[in-house]
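**Student:** A single structure is presented below for examination.
Coordinate-derived values only; no laboratory data. A quick note: this is a predicted structure, and the numbers were derived from the prediction, not measured.
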Amino acid sequence: MRLAFRVTASIGLILALSIATSVVVSRHAFVHILLDLTESRIFALADDIGDVFAATVRLGLPLDQIGNGSEILKSALPLDPQIVALAVVSAEGGLLHRAGADFDWLGTGGVRGEADPKKGNRRKVVDAGDVLVVWTAIPDPLGRTTGHIGIAASSTYRNMLVRNSFNEVLSLSGIVLTLATLLTALGAVVACRGISLVLRRIGEMADRPGAADGDPLGEIGAAAMGKLDWINAELAAMEADTVAGTAALQPRCVR
């Protein structure tokens, strides 16, 4: 049992170090990928809402004359829990339609500017601290910007989502480590128990040669013990020959 405990402890330590190293190395990539996934949902929703308003503009209805603009924005609020507010802003910067919580669209989140090529040719991303604002341009039939769709997403929600997801990964890693250690302990106990029985049987055969009769394992052990006896006899004969040869080569005194 002591040997089994040592084997289990050694393998468990190796598994723990491997899992810990993997978690530490992959944490940055995991967080980065998860943040990109949450942002991509906002980007896709902003593009879809922008397409709805762009289609209305192509029909000849200006943004400020869309009567159900706020209702369109309200219907998009439940689509993603990280969204806190939405708005439609004219090309001149006037707030036309809005939905959700109060937000300073023309102040903190009002930096619309040109599209960020790293985020897509229609979008501009503004990090306002606790809120991430995504602006999507609304083009007219000639490709000119007639306004912008603004979506404010909670950074707190995204950070909480990342933290909870990472905690789930840690929990799964702990479960895997525990199961692997338990299975290793079971295998080590069984293996050490089997080795102990074999060694005990061989010891009994060495003490009682007749104990091997009718026992396959005993016969194998007896054959092995016979081989060992033969090897020991050969070694003893070689040692005797060596001693005799050495004595013959020593000079003798002649009187």
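**Student:** Enumerate the amide H contacts of V131 below 5 Å, restricted to partners 5 or more residues apart or on another chain; note that Pro and chain-start residues carry no placed amide H.
**Tutor:** S155
**Student:** Further question on the same structure: Apply the Karplus parameterisation 6.51 cos²θ - 1.76 cosθ + 1.60, with θ equal to phi minus 60°, to every residue of the range 142-148 and state each ³J(HN,Hα) to the nearest whole Hz, in sequence, with x for glycine and proline.
**Tutor:** These are the phi-based 3J(HN,Hα) values: 8, x, 7, 7, 9, x, 9 Hz.
**Student:** Across the range 32-41, in residue order, what do the Karplus-derived ³J(HN,Hα) couplings come to in whole Hz, using 6.51 cos²θ - 1.76 cosθ + 1.60 with θ = phi - 60° and x for Gly and Pro?
**Tutor:** So the Karplus estimates, Gly and Pro as x, are 4, 5, 5, 5, 4, 5, 5, 5, 5, 5 Hz.
**Student:** Using each residue's phi in the range 47-60, evaluate 6.51 cos²θ - 1.76 cosθ + 1.60 at θ = phi - 60° and report the 3J(HN,Hα) Karplus result to the nearest Hz, with x for Gly and Pro.
**Tutor:** For the range 47-60, the Karplus-derived couplings read 5, 5, 5, x, 5, 4, 5, 5, 5, 5, 5, 5, 7, x Hz, x marking Gly and Pro.
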